[in-house]
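Worksheet: one structure, shown below.
The values are calculated or read from the model by the stated rules, or taken from the named source; none is laboratory data. Nothing here was measured: the structure is a model prediction, and the numbers come from that model. Ideal geometry is used to build each Cβ from the backbone, glycine not excepted, and the neighbour counts take in all protein chains shown. These area figures cover heavy atoms from the full protein model, side chains too; ligands, DNA and RNA do not enter into them. Shrake-Rupley method; radii C 1.70, N 1.55, O 1.52, S 1.80 Å.
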Amino acid sequence: MEKTQKLTERRLADAWAELQNYSNDGNPLEADAYRLAFADPEFLLRRETRGIRFQLEMLKPDIDQTEQGIENTIVVFGSARFPSPEDAQASLEEAQLNGNAAALMLAQRNVRNAHFYDQARLFARLVAGYSAHQRREERLFISTGGGPGIMEAANRGAHEMGAPSVGLNIALPHEQNANPYVTPTLSFKFHYFALRKMHFMMRAKALVAFPGGFGTLDELFEIITLVQTKKSKPVPIVLYGTDYWKRLFNTDVMIEEGVISPNDLKLFTYVDDPQSAWDAIRSFYDL
C-alpha cells in the first residue's frame, strides 16, 4: 500500500516554485534566512560557497552525459569566427554591393577561411559514420565548445548523420548561445573555464584543433601540457591546418632554446584534410 502524502508535507520542488512565484509577481528577491539553503540564490552565489558551485558544475554535465551513454568523445576546437561557406559568400556579395572597403576586406577573409568550417563538418561526419556501426560502449561522440564557427560545423556534421553531439558552452560578457546543432539534452553552460576544460578532457579520446584564437590556444596548450607532464593519458592531438599552426608558433625556436625537447613534437600531428585527421585517430587506437 502506498504511503499517503501528508497535506502539510513539502517537496523539494516547492522551494523552487516559491522562487518562481516571486519572479512571476514581480517581487524583488531579498535575502531570507528561512529559505532552504539550496534554494537560496543569494547564498549560493556568495564567495564562501564557490566550492559548492565548482561541485555542481562538475557533477551536472558528468551525470547527464553518463546517463545518455556519452563515455568517449572526440573534442573539436577552433575559431568561433569562421562562418559557413554559404554565409561567407552572402556577406561578400553584400559588401561588394555596399562598397564598404572595411566590410569587403573582412568578407574576403571570411571566404578564405570558410573552408575550415566545411572541413570540420566533414570530419565530424566521418566520426559519426564510424560510430553508427559500433557497440554503444565503443562509440565516439563529437564534443565542442557549443558555440558558432568551427564548433557549430562539427556539431552540424554529427547532426546531419543523426548522431548526438555535446556542447560545453561558457557564459561570457557578450551574448552567446549554443549553436542549433548541439543535441539539446547534451547542451551545457558553464561559468568556470577550468571546470569546462576539465569536462573536455574527462571523456576525450582525441583532440582536433582547427585554427583559432586565444580560446583555442588556451584549450590546446593545456591539453598538450597535461599529456606532456603525464597528468593525463596520451591521446591523439591533431593540429588541423599545417600552414596556420606552423606560422603561429615556431617549435624549432622552442627546441633551440631548450624550453621543450625534440620528443615533445611527437605529442601532436599536423593534418590538412578531414580523412587524414580521422586516420591519425584510427591509427592511434588501431580502429
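I'd like the accessible area for His133, computed on protein heavy atoms only with a 1.4 Å probe and all protein chains in place. Round to 10 Å², please.
Accessible surface of His133 is approximately 150 Å².
Note down the net charge around Asp218, summing +1 for each Lys or Arg and -1 for each Asp or Glu among other residues with Cβ under 12 Å from its Cβ.
After counting each charged neighbour, the total is 0.
Which GluC sites (Glu not before Pro) in segment 221-287 pass both tests, a DSSP loop state and at most 14 other beta-carbon atoms within 10 Å? Write down the numbers at each step before the final one.
On the way: sites: Glu222, Glu256, Glu257; in loops: Glu257.
Sites meeting the loop and neighbour criteria: Glu257.
Can you pull out the GluC sites (Glu not before Pro) in segment 77-143 that DSSP calls coil and that have at most 14 other Cβ atoms within 10 Å?
For GluC sites (Glu not before Pro) across segment 77-143 that sit outside H, G, I, E and B with at most 14 neighbouring Cβ atoms in 10 Å, the list is empty.
Which one, Phe193, Ala209, Ile281, projects farthest toward the positive side of the charge dipole computed for the chain from Cβ point charges (K/R +1, D/E -1)?
Looking along the dipole axis, the top candidate is Ile281.
Loop only per DSSP, at most 10 neighbouring Cβ atoms within 10 Å: give me the trypsin sites (Lys or Arg not before Pro) in segment 185-249, ordered by residue number.
In loop regions of segment 185-249 (DSSP not H, G, I, E or B), the sparsely surrounded trypsin sites (Lys or Arg not before Pro) are Lys230, Lys231.
Please compute the net charge surrounding Glu160, taking Lys and Arg as +1 and Asp and Glu as -1 over other residues with Cβ under 15 Å from its Cβ. Numbers along the way, then the final one.
Details: positive: Arg121, Arg125, Arg156; negative: Glu86, Asp118, Glu152.
Result for the neighbourhood of Glu160: 0.
Among Leu248, Leu207, Leu140, which one moves the most in a GNM of the chain with springs linking Cα atoms closer than 10 Å?
Of Leu248, Leu207, Leu140, the most mobile in the Gaussian network model is Leu248.
Shape call for the chain from the C-alpha gyration tensor, a ≥ b ≥ c root eigenvalues: rounded (a/c under 1.5), prolate (a/b greater than b/c) or oblate?
prolate
Would you mind telling me which residue in Phe249, Phe38, Phe77 has the biggest mean-square fluctuation in a Gaussian network model of the chain, where springs connect alpha carbons within a distance under 10 angstrom?
Its mean-square fluctuation being the largest, the pick is Phe38.
Is the shape of segment 210-287 rounded, prolate or oblate, going by the alpha carbon gyration tensor and its root eigenvalues a ≥ b ≥ c, with a/c under 1.5 for rounded and a/b larger than b/c for prolate?
Cα axes put segment 210-287 in the oblate bin.
List every residue whose amide H lies under 5 Å from the amide H of Ala204, counting only residues 5 or more places away in sequence or on a different chain, with H placed 1.01 Å from N in the peptide plane.
So Ala204 has HN proximity to Thr73.
Given springs between every Cα pair under 10 Å in a Gaussian network model of the chain, which of Val182, Val76, Val271 has the largest fluctuation?
Val271
Under the classification rounded if a/c is under 1.5, otherwise prolate if a/b is larger than b/c and oblate if not, where does segment 156-205 fall, given a ≥ b ≥ c as square roots of the Cα gyration tensor eigenvalues?
oblate
Taking the Cα centre of the chain as the origin, how large is its charge dipole in debye, to the nearest 20, when only Lys and Arg (+1) and Asp and Glu (-1) carry charge on their Cβ atoms?
Value, rounded to 20: 620 debye.
I'd like the Karplus ³J(HN,Hα) series for segment 231-243: coefficients 6.51, -1.76, 1.60, θ = phi - 60°, whole numbers in Hz, and an x wherever there's a Gly or Pro.
7, 10, 5, x, 9, x, 10, 10, 9, 8, x, 4, 4
Can you tell me the Rg and the Dmax, both Å, for the Cα atoms in segment 85-237?
Calculated on Cα positions, Rg and Dmax stand at 17.0, 55 Å.
Which whole-angstrom value gives the distance between the alpha carbon centres of segment 159-174 and segment 190-268?
Segment 159-174 and segment 190-268 have Cα centres spaced 21 Å from each other.
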